[in-house]
Amino acid sequence: MVTLKYSDERDRAYGLGGMVVCMGVMESEQFIDTVSIDAESDEGLRFTPDFFYLSNPQLSAKAVWNDRLNHFQLLTGLVISNLLSRAMLRNHESVSRELSDLLLGHISDEGKHLCSLEDDEIKALYTKTFNYFQRFFNQREVEIMVGNIVDGLIGRRTLTNEEVQMFLRPMKRW
């Protein structure tokens, strides 16, 4: 039986490291408040209040939906990056079809709830995001960056936004 649960502290650090890098790729690192290996399971990556803030309550329904879709795309990238970082960088293996389907099931529920997306729309977004990040995590520079984040997390236990920005700085040169 496959599971998304972390096997140990190092596995969790790789998952969080993948999520940090995803935030950098998606140009959303400013929304990271802290990253903590000791936080509750759903709070390892803590967002700033701005992440949840809807900029203008008088926005059109389309603008609100687009904002929700952007959040859903980011959340999809985060969970995929968590999984791929753990599988590809820590364990040096590919993600099984069974594990990918399990993750898609969780993402599908969120896409339906958050954006009222249909199954085919969710699957297309998931596949596109999964393929992108699979290629991304296959790069040696990314492996080094995530490894540095993992070491920082295990050593410091919690990283602030400033520390995260420092770890992501090499990405700005790519």
Query raised in the report: Which value, in debye to the nearest 20, gives the size of the charge dipole of the chain about its Cα centre, when Lys and Arg are +1 and Asp and Glu are -1 at the Cβ?
Result: 480
Report summary line: The Rg/Rh figure for the chain, Cα atoms and Kirkwood Rh, to two decimals is 0.96
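Please arrange I144, I107 by counting, for each residue, the other beta carbons lying within 10 Å of its beta carbon, fewest first. Numbers along the way, then the final one.
On the way: I144 12, I107 21.
Starting with the residue having the fewest Cβ neighbours, the order is I144, I107.
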Report task. Determine the distance separating the Cα centre of the stretch 1-32 from the Cα centre of the stretch 61-80; give it in Å without decimals. Result -> 18
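Just check the stretch 23-114 against the gyration tensor rule for me: Cα atoms, a ≥ b ≥ c as the square roots of the eigenvalues, rounded for a/c under 1.5, and otherwise prolate or oblate depending on whether a/b exceeds b/c.
It comes out oblate by the Cα gyration axes.
Once you charge only the Cβ atoms, +1 for Lys and Arg and -1 for Asp and Glu, what is the size of the charge dipole of the stretch 42-132 about its Cα centre, to the nearest 20 debye?
240
Counting each DSSP H run of 4 or more residues in the chain as -39500 (n - 2.57), what helix-only mean residue ellipticity at 222 nm follows after dividing by all residues, to the nearest 500 deg cm²/dmol?
Theoretical 222 nm ellipticity from helices: -20000 deg cm²/dmol.
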Report task. Output the DSSP H helices from the chain with an along-axis C-alpha extent of no less than 27 Å and a mean Kyte-Doolittle hydropathy no less than -0.5. Result -> 61-84
Report task. Assign one of three labels to the stretch 86-174, namely rounded, prolate or oblate, based on the Cα gyration tensor with a ≥ b ≥ c the square roots of its eigenvalues; rounded applies when a/c is under 1.5, prolate when it is not and a/b is larger than b/c, and oblate otherwise. Result -> prolate
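Every number in this text was worked out from the coordinates using simple rules, so none of it is lab data. Quick caveat: nothing in here was measured; it's all calculated off a predicted structure. Neighbour counts are summed over all protein chains in view; Cβ atoms, including those assigned to glycine, are modelled from backbone coordinates with ideal geometry.
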